[in-house]
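The structure appears right after this line, and notes come after that.
Every number here is computed from the coordinates shown, using simple stated rules; none is lab data. Remember, it's a predicted structure, so these values are computed and weren't measured experimentally. Cβ coordinates were reconstructed from backbone atoms using ideal geometry, including for glycine residues, and neighbour counts include every protein chain displayed.
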Amino acid sequence: GFPDWTYAYPGPSNGFSKASRDGSKVIAVQGGVLYGLAAATGDTLYTAPVSEPARLQGIDLSDDGSIVAVTVYDSCLVYKDGAYRDGIPIGTTRSGTQYAAAISADGSLLVNGDLYGKLKLFAWDGSNYVMKWQASVGNPWVAGVAISADGSTIACGTGYDNGKLCVFDSSSATPLWVYQGYGTTGAYVPSIALSRDGSRIAAASWGEYSNSGTYKVFTVQDRDSAGPIFSIMRDEE
């Protein structure tokens, strides 16, 4: 129940932190600074400046924590071992995103979505992240996004009304399937998670305004079928 170590930020402001899957690093961003920390000791490995700290939306990491995607409202800033790698626009300065971009285990693929309903996949070409494809999913915007560790599968939720779950093979902008069982008014789907090989997808919704009906607030699906193998209905929460 007690921390192994603590790291004091210079001052109070919005921030995010995440541990690498291999357990070697803790990455944090707060107050316009990206921090790379040794997970075992809390020692500082590096710091790097991050623009637009007031519009920070979240972070994602490669498995070893070496590659970090920092999402601010209208762009995704990618770093490798604290060195700036590339910047990827998201929507516009007035209509960007409120959700963190997601990267594959090796950091070679990155997916983001915007408030115009566009889901975009980017691939690292050795110098920059180049867009492979974009898909219009609407409703009217993209909420949470996810990519499997192996990069094979991509999923996103949408909202605000009649929100849905869209699942893609990373080779194509045409969805494998779309599932719309989360209700209508207010049915927003912001939380998405994938198994490492992309074979299972989990999605959570806010539900809708109605106090009745048979809509779902949580689903688990197989990649090859939109029909939930497990779900929680609105009155089972």
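Using only alpha carbon pairs under 8 Å that are at least six residues apart, calculate the relative contact order of region 1-147 and give it in whole percent.
Values: 370 pairs, mean separation 21.6, N = 147.
Normalised by residue count, the contact order of region 1-147 is 15 percent.
Cross-link partners among aspartates and glutamates for Lys18, C-alpha distance below 20 Å, same-chain residues fewer than 8 apart left out?
Counting by Cα, and skipping residues close in sequence, Lys18 has these aspartates and glutamates nearby: Asp4, Asp43, Glu52, Asp60, Asp63, Asp64, Asp81, Asp106, Asp150.
From a point 7 Å beyond the Cα of Thr185 in the direction of its Cβ, which residues of region 194-237 have a backbone N at a distance under 14 Å?
208-213
About its Cα centre, how strong a charge dipole does region 83-137 have in debye, to the nearest 20, once Lys and Arg get +1 and Asp and Glu get -1 at the Cβ?
Details: 5 positive and 4 negative charges, 37 e Å.
So the dipole magnitude of region 83-137 works out to roughly 180 debye.
For the cross-link pairs Lys25/Lys132; Lys25/Lys80; Lys80/Lys132; Lys120/Lys216, which exceed 24 Å when the distance is taken from alpha carbon to alpha carbon? Walk me through the numbers on the way to the answer.
Details: Lys25/Lys132 30 Å; Lys25/Lys80 13 Å; Lys80/Lys132 21 Å; Lys120/Lys216 27 Å.
Flagged as over cut-off: Lys25/Lys132; Lys120/Lys216.
About the Cα centre of region 30-80, what is the dipole size in debye to 20, counting +1 per Lys and Arg Cβ and -1 per Asp and Glu Cβ, all else neutral? Could you put the intermediate results ahead of the total?
Details: 2 positive and 6 negative charges, 26 e Å.
The calculated dipole for region 30-80 is roughly 120 debye.
Given R₀ = 25 Å, what would the calculated FRET efficiency be for Asp4 paired with Ser195, taking r from the Cβ atoms and rounding to 0.05?
Values: r = 29 Å, r/R0 = 1.15.
The value I calculate is 0.30.
Long-range amide H contacts for Lys132: which residues qualify at under 5 Å (H placed 1.01 Å from N, peptide plane, sequence gap of 5 or more or a different chain)?
The list, which skips near neighbours in sequence, is Leu121, Phe122, Ala123.
Suppose a student asked you for the relative contact order of region 92-212, using Cα pairs under 8 Å spaced at least 6 residues apart; what percent would you report?
Dividing the mean separation by the residue count of region 92-212 yields 19 percent.
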